[in-house]
Amino acid sequence: MRFPLRLLAGVLPILAAGAGFAEESALERGLAIASGGMMRAGAQACFTCHGLDGTGDAAAGVPRLNGLGAYYLAKQMRDFAAGTRPHAVMSPIAKALAPQDILAVAAYYAALDTTTDGRAGAPPSVYSRGDPARGIEACRTCHGRGGFSTIPAIPTLAGQHAGYVAGQLMLWRRGARGNDPLDAMSRYAKALTPPEIAEVARWLASRGAGERS
């Protein structure tokens with residue numbers, strides 16, 4: 001398995017400080033967890049849904065994880081475990097992982113090379129400019145130009161499956177998801193129309209996860 005050096009340089013020093021990492025590579029530990037070799041009894045292995053390559057399953061609504069940052073992935077796992085982002089499948093899995101294992105598996109998926117390619121047309125207006133009249137900040141302000149976030153707590157969305165993005169926005173819109181400390185996503189999603197949500201999701205999905213232009 002090949003990992004981008006620029007990502008490894010960022011995650012290894014953090015993980016190396018944790019208990020239990022002195023004798024093994026943190027990323028090897030993450031791979032072992034993802035493949036199910038270190039999961040506690042009753043916990044489903046990560047690869048069964050997300051794949052070892054992190055591409056997920058668009059038809060099943062399972063998000064791709066490669067291309068997402070380790071900080072963001074670890075936070076979502078902690079939120080699943082704590083119940084601040086309840087999920088019938090993910091919450092039991094996250095609860096079965098020790099804190100250092102969450103860090104390791106997050107680092108593993110974050111370090112995977114992205115594999116999609118493609119180039120979308122111009123972004124939807126609400127993504128690039130927002131709509132001040134409705135109190136909607138431009139999506140690119142946080143999620144980045146082309147869907148590539150540079151903020152650790154905010155996910156890159158380029159190349160993410162359209163159904164997953166739209167589904168999460170609808171959860172924010174309905175108030176069924178609320179693990180944003182600033183409550184920004186809930187406010188913006190409630191102001192978006194379902195057609196706008198679908199348009200943004202399709203555009204982001206058509207952005208190749210490896211394209212940054």
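Every number in this text was worked out from the coordinates using simple rules, so none of it is lab data. Note that the structure is predicted; figures quoted are calculated from it, not measured. Backbone-built Cβ (ideal geometry, glycine too); neighbour counts: all protein chains shown.
Using only the Cα atoms of the stretch 120-160, build the gyration tensor, take square roots of its eigenvalues as a ≥ b ≥ c, and label the shape rounded, prolate or oblate: rounded if a/c is under 1.5, else prolate if a/b is larger than b/c, else oblate. Oblate.
Mind pulling up the Rg/Rh value for the stretch 52-173? Radius of gyration and Kirkwood radius, both on Cα. Display every interim value, and only then the final one.
Numbers: Rg = 15.2 Å, Rh = 15.5 Å.
Over the Cα atoms of the stretch 52-173, Rg/Rh equals 0.98.
Taking trypsin sites (Lys or Arg not before Pro) across the stretch 122-189, the ones in a DSSP loop with at most 15 further Cβ atoms lying within 10 angstrom of their Cβ are 129.
Panel order for 171, 27, 204, by other beta carbons found within 10 Å of each beta carbon, from fewest to most: 171, 27, 204.
Look at the Cα gyration tensor of the stretch 125-206: its axes a ≥ b ≥ c give a/c under 1.5, and that counts as rounded. Run the paramagnetic zone check for residue 141: 7 angstrom along Cα to Cβ, then residues of the stretch 175-197 with backbone nitrogen under 16 Å. Output list for this probe position: 181-192.
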